[in-house]
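Report on the structure given below.
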Amino acid sequence: MVPVVVLTSSREERDKVASYKLGVNGYVVKPVDFHEFVNAIKELGVYWAIINEPPPGSVRKK
């Protein structure tokens, strides 16, 4: 029940396919610019903590 997100610099289709075949929940290509990277991490946090609907029966921490 723990979401797995790949945070990578690779945009290669084979890497995306391999990751999803292994069961990841998300694949994010990290920005090179530090400030854009920080913003991307914040947005990921908001998505997983607030926007995403967890699986039925799991408990969301508030």
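Bear in mind that the values in this text are calculations on the coordinates, not laboratory data. Since the model is a prediction, treat every value here as computed from it, not as a measurement. Virtual Cβ from ideal backbone geometry, glycine too; neighbours counted across all protein chains shown.
How far, in nm, would the chain grow between ALA40 and SER9 when pulled straight, counting 0.36 nm per residue and subtracting the alpha carbon separation? Write down the numbers at each step before the final one.
Details: separation 31, 0.36 × 31 = 11.16 nm, distance 1.29 nm.
That pair, ALA40 and SER9, stretches by 9.9 nm at full extension.
Taking 0.36 nm per residue of separation and subtracting the current Cα-Cα distance, fully stretching the chain between VAL28 and MET1 would add 7.8 nm. Relative contact order, whole percent, for the chain stands at 32, derived from Cα pairs under 8 Å and 6 or more residues apart.
Based on alpha carbons, the Rg and Dmax found for the chain are 13.2, 39 Å. The GluC sites (Glu not before Pro) of the chain meeting both criteria, a DSSP state outside H, G, I, E and B (loop) and at most 12 other C-beta atoms within 10 angstrom of the site's C-beta, are GLU12. Sequence-ordered 3J(HN,Hα) estimates for segment 39-56 from the Karplus curve with 6.51, -1.76 and 1.60 and θ = phi - 60° stand at 5, 4, 5, 4, 5, 4, x, 5, 4, 6, 8, 10, 7, 4, 8, x, x, x Hz, glycine and proline given as x.
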